[in-house]
Structure formats: structure tokens, C-alpha cells
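Note sheet for the following structure.
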Amino acid sequence: MTIDDLSCEMSNNQHSKLLICAAGIFICYFYFGMLQEKITRGQYGDEKNKEKFTYMFALVFTQCLVNYMFAKMILLTVMKQGEDTTPTLYYAISSLTYLLAMVCSNMALQFVSYPTQVIGKSGKPIPVMVLGVLLGNKVYPIRKYVFIFLIVIGVALFMYKDGSASKQIEGQTWFGELLLLLSLTMDGLTSAVQERMRAEHKSKSGHMMLNMNQWSVVFSGIVILISGELFEFIKFLQRYPSTIWHISTFSLAGAFGQYFIFLTVAEFGPLPCSIITTTRKFFTVLGSILIFGNSLLPRQWISTFIVFVGLFLDSMYGKDKPNRKETVK
């Protein structure tokens, strides 16, 4: 076998591995998204006694517990990353903001459609960049500001109210959008803490996944015990046993999706991962429209296109390593 044949074989193996990672991300998060909408927006019971799932802290507790066990298994078998020197305080702070971001995002689905949630959450680069400038003293290239501005325009156009909805529905929608804004803020704070963890202690992805989910289990566990939500959640599962399967597979899909993302970043870098995750979000929106009958106005289709163009350009050309401002002595 010649050197050219060997390199060609290695290249084919890399392409196959990338396709497997991309398929894993698409399938896991598509299934995750569809179940998230089914659980949080679905109605349970008969015509006379309809009720909705409202146990968001219990849902996140289950999700984080599965993520923790999955990360523990991966670190012991596949992803051995050595000793972790990151202070516990960093993990506790980042897990708190991570937990609140997930809870707010899930709660928002009770008031806005799934496409609205996905488009709103696509604005995540905005608080990440703003907090990076304010807290991390970072400087980004001008083109990144242009790409983020595109995302801002797209999200604003998507959320714009044309006055056709009733005041009650409009009020509920505004509350859902406020929850999305809080979720984005928590995402930005989580990223800011994680940046510091990486810079100061070279924290690895597997350790982050393990410890952040561990602390999130502790925080959400305290909340559902003190509030009594845990017992109400158990009663709900007893009334509707099919929900157990939905929540279990929802949590497993999220855990496997995280693993495929970490694997893609480790093997191929953040750029292919960003392109894959951006593309899968678009198809998740389409899936929600086709499966659950969510409809978009022409204006919202245009704004969706603008958002994903901004995300794609940012993933392709906006990933230059930011430089810290030099202090003048």
C-alpha cells in the first residue's frame, strides 16, 4: 500500500466519522426537540380533565441526573481526561446559571411555540459576546459584530407583534419571551464562567459535563424537595405512565447529543460542530412545523432565514480567537 493510498483511507475514515457525528447530533437533538415540545406543550387526560406538564425543575433534575451518569460512564471508559484542578466554586456557579437557563427555556414553551423558542435561543451568541466584552475584557473582529447584528435583526423581526393577537395571548407570549431573555442571559453567564475555567485551569469538556450536571442535580433536587414538586411530579407520572418513557428517552437523547458534540469538537474542531448544530436547529424548526402543526407568518420565515444566515456566517468566519485589551501602564 502506498502513502497516497494510506492517506486516502485515513481521509475516508475521517469523513465517515464526521458523518456519524453529524448524524448523531441531528438524530439525538431532533428527537430531543420533538419530545421537549410534546412533554411541555402537550395536554394530558380526557376532554373533561385536561392538564399540562408544569414540573420544570423535576424535568431538569431528571435530565441532569441522566447527563451526570452518562458523563461518569464516558470518563471511566472512553474519554479519560486525567485529573481535574478546577475549583468547586466555578462549577457551582456555572451549574446554577446552566440550570436556570434550562428551566427558563422549558418554562417558555408553555407560552410560546417551539419554533419561537428555537429562534429566540439562537440569539445565544449575543449575551455571550456582550458579557465577554464587559466581564472578560475581550475584543472581537468587526465582522463578528456584523454577524451578531444579523442575528439580532432576525430575532427582533421574528418576535415583532403585528397586533393580530388578543391581549391575553399577547401577554402570555410576552411572558414566554421574557423567560427566553432570562435563559439567554443565564447562557451568557455560563459561557463567561466556562471561559475563565478554560483560561485559568484548562478545564476539559468531560469534567465540565460531569461536575456541572452533578451540581445541577444537587440544586434542582433541593428545589423539588423543599417546594414539594417531587411528590407532585411522581403523582403525575402515576396518572400518565407513558410520560415516563417520554422523559427517559428525552434525557437519554440529550446526553447522547452532548457526547456527539464533544466528540465532534475533539476530532474536528469547533467549526464543523457549529455548522452541524446550526443546520440541525433549522431542521428542528421545520420538524416542529410539520409534526405539531406550528405555522409561521411570511415575515417569520424571512426572519428565520436571516437568523440562520447570521449563525452560519458566525460559525464560518466569526470564530477568530478574541484578543484581550492591553492595559496601558
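Listed here are the residues, each with its yes/no results for (1) of a type outside the set (Phe, Trp, Tyr); (2) open to solvent by less than 70 Å² (accessible area, probe 1.4 Å); (3) in contact with a Pro (Cβ under 8 Å, 6 or more places away or on another chain).
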{"site": "174", "(1), (2), (3)": "no, no, no"}
{"site": "178", "(1), (2), (3)": "yes, no, no"}
{"site": "183", "(1), (2), (3)": "yes, yes, no"}
{"site": "216", "(1), (2), (3)": "yes, yes, no"}
{"site": "230", "(1), (2), (3)": "yes, yes, no"}
Subject >> Meets criteria (modelled with pLDDT under 90, among the aromatic types (Phe, Trp, Tyr) and open to solvent by 60 Å² or more (accessible area, probe 1.4 Å)) for residue 145 >> reply: yes
Original post:
Any idea which of 98, 90, 31, 68 is in a helix (DSSP H, G or I) and open to solvent by 80 Å² or more (accessible area, probe 1.4 Å)?
Top reply: 31
Subject >> Complete set of residues in segment 233-248 that are surrounded by 14 or more Cβ atoms within 10 Å (Cβ to Cβ) and assigned to a helix (DSSP H, G or I) >> reply: 233, 236, 237, 243, 246, 247
Original post:
Which of the following residues is surrounded by fewer than 21 Cβ atoms within 10 Å (Cβ to Cβ), assigned to a helix (DSSP H, G or I) and among the β-branched types (Val, Ile, Thr): 265, 307?
Top reply: 265
Original post:
What number goes with the only condition from (1) under 21 Å from residue 56 (Cβ atoms); (2) open to solvent by 50 Å² or more (accessible area, probe 1.4 Å); (3) among the β-branched types (Val, Ile, Thr) that residue 284 does not pass?
Top reply: (2)
**OP:** Six or more apart or on different chains, Cβ under 6 Å: which pairs go from a residue in segment 213-239 that's closer than 27 Å to residue 88 by Cα to one that's modelled with pLDDT of 95 or more and open to solvent by 80 Å² or more (accessible area, probe 1.4 Å)? Could you list them?
**Re:** none
Original post:
Has segment 273-287 got any residue that is modelled with pLDDT under 80 and not β-branched (Val, Ile, Thr)?
Top reply: yes
**OP:** May I ask you to list the residues in segment 194-210 that are open to solvent by 30 Å² or more (accessible area, probe 1.4 Å) and either outside any helix (DSSP H, G or I) or under 15 Å from residue 92 (Cβ atoms) (or both)?
**Re:** 194, 196, 201, 202, 204
**OP:** Note down all Cβ pairs under 7 Å where the first residue falls in segment 178-201 and is under 21 Å from residue 87 (Cβ atoms), the second is open to solvent by less than 50 Å² (accessible area, probe 1.4 Å) and outside any helix (DSSP H, G or I), and they're at least six residues apart or on different chains.
**Re:** 192/136; 195/136; 197/86; 197/203; 201/86
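The values are calculated or read from the model by the stated rules, or taken from the named source; none is laboratory data. As the structure is a computational prediction, the values presented were derived from the model and not from experiment. Positions of Cβ are generated from backbone atoms using ideal geometry, with glycine treated the same way; all protein chains shown enter the neighbour counts. The area values use the complete protein model at the heavy-atom level, side chains included, leaving out ligands, DNA and RNA. Shrake-Rupley method; radii C 1.70, N 1.55, O 1.52, S 1.80 Å.
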